[in-house]
Every structure is written in C-alpha cells, then in structure tokens.
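Reading through the structure tokens given below for one structure.
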Amino acid sequence: MAVSLNFSKEDKPGIKSALGEFRAIATKTDFEEERWLVNGCTVTLYSTGKLVIQGKGEESIKHFIMDRLGLKEELLLGIDEAGRGESTGSMTVSLVLGDKNRLRELRDSKKVSDLDKKESIVTKNALATATFSFSSRYIDFVRKKGVTLNELQRRVIEHAPRVFLFEGEKLKLKVDGRRLRGAPKEVEFVVKGDDLDPVIGAASVLAKVAREKSGDKGKRETWNSSPKKVK
C-alpha cells in the first residue's frame, strides 16, 4: 500500500528535519530528492514536495509525520471547474471548504483514475461542499445571450462563497487557473492549483465526478461560435 501527501516546496525543509533521525536510503530517480526507511516503510520526498509512504503501516507513518511537522489548521475554500474547454456535455464548478492538512492525500487530481476513492477522501474530510452543474443545453442558451463560460464561473466565485460565511467572518478563497476578468480582488487564482493546493485539488475531484455522473453527452451547438445574441 502507498499514501501520497501533497506539500509545497516551502514545506520540504520541515519534512527533512522531521525525518532526519531515520536512516537515509538511495534515491532511484532524478525526481526523488531524499528517501528514508521509517519503521519498515519507505518514505520518498520528491522535488515537487510530494511525499510518498510505501509499506505496511503507512497510515501510522502518515500520522507520525503530520504530528512531527506540527502543522496548524489552515481553513480555506477551494474552487475548480471541469468541462469548460469541452465541446460536449456539462460544465461543473465545485467548491470545497476544508482544512488543507486533512486533504493532503489529494494530488494529481487531473488524473481520472480512482475518482471514487478520491471523492471518498473529499467527502470524509471536507467541512462542506457544493457543486454547480450547467448542462450543454443551458450553455448554448446563455451563450446565445452573450454570456461566456468564464462569466458563469466568475458568478459562482463571486456569489456562492457567501453560503459558507457568516457576518463578520473572512475566508480565504483559492481558484484554479488564471484570474478571470471581473473576479473579486480578494480571491487568489493559482495556475495548476489543482495539483499544488489540496483543497483546490478536492474541488477539482468533485467537479470531475459531477461531470462524469451527469450523463450529459450533448453537443454544444454554440461551440464554434462567439457568444452573442441570436435574433
């Protein structure tokens, strides 16, 4: 069995310090930065910050490492979409409210394999989730009125987070991709964020699951046209 944990490059010194007392073993690829043997498990730190634990008892090693790092709760709202660039089917936008440290097992969310397993990690560890699904027919409907898919996502980003907030509270929002025109200034956009941030990755998983399960395979008739009003 293996467990993968998603850390940033800034976290790597702390990981090395936490595992410094254990025996170092030889790395096998150029992408591996360091490897250790920890209570019968092989722990590999990659240059990206990915940490892979392989062997019997991997769950206990995972909790040991997390405790050693002493990471504090980091609550944020991650947002991602699926299907915006497709010519068929729905576009889905998902929001996940959660502690970054409880979702670190989510990485490589672009890969559609093991989606059910990834979804279970999200639903088990997230505080709250929400998904908006725009069918292929609705996409054609709004594009004929001059509304782009970027605008649909921007509206979700601007208005949906209010459901998770109470008066006087502030919540850090992170969205995968480049900044959308007109998006609120306080929202942080992260290129490749679904691979760099666990909570955005969690939103990416739910968006993909929702799109896969929608059953909508319809062709978007407006795919090759500019979004403009049709008389």
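The values are calculated or read from the model by the stated rules, or taken from the named source; none is laboratory data. Note that the coordinates shown come from a computational prediction; the quantities given were computed from them, not determined experimentally. Counting neighbours? That spans all protein chains shown, and the Cβs are built from the backbone with ideal geometry, glycine included.
Observations on the model:
- Any hit, region 106-120, residues being touching a Leu at 6+ places or on another chain (Cβ under 9 Å), surrounded by 13 or more Cβ atoms within 10 Å (Cβ to Cβ), more than 21 Å from Ser214 (Cβ to Cβ) and not polar (S, T, N, Q): yes
This table checks each residue for (1) at pLDDT 90 or above; (2) on the phi > 0 side of the Ramachandran plot.
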{"position": "Gly57", "(1), (2)": "no, yes"}
{"position": "Lys62", "(1), (2)": "no, no"}
{"position": "Met66", "(1), (2)": "no, no"}
{"position": "Thr88", "(1), (2)": "yes, no"}
{"position": "Met91", "(1), (2)": "yes, no"}
{"position": "Glu105", "(1), (2)": "no, no"}
{"position": "Ser109", "(1), (2)": "no, no"}
{"position": "Ser120", "(1), (2)": "yes, no"}
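- Single unsatisfied condition, Lys219 versus (1) exposed (fewer than 12 other Cβ atoms within 10 Å of the Cβ); (2) within 20 Å of the chain's Cα centre (by Cα): (2)
- Complete set of residues in region 8-35 that are free of Cβ contacts under 8 Å to residues at least 24 places away in the same chain and in contact with a helix residue (DSSP H, G or I) (Cβ under 9 Å, 6 or more places away or on another chain): Ser17, Glu33, Glu34
- Those strands (runs of 3 or more DSSP E) of region 1-70 in which at least 3 residues are surrounded by 14 or more Cβ atoms within 10 Å (Cβ to Cβ), considering only elements entirely within it, cover 2-6, 32-38, 41-46, 50-54.
- When the test is whether a residue is touching a residue at least 12 places away in the same chain (Cβ under 8 Å), surrounded by 14 or more Cβ atoms within 10 Å (Cβ to Cβ) and more than 23 Å from Ser87 (Cβ to Cβ), Thr148 does not pass it.
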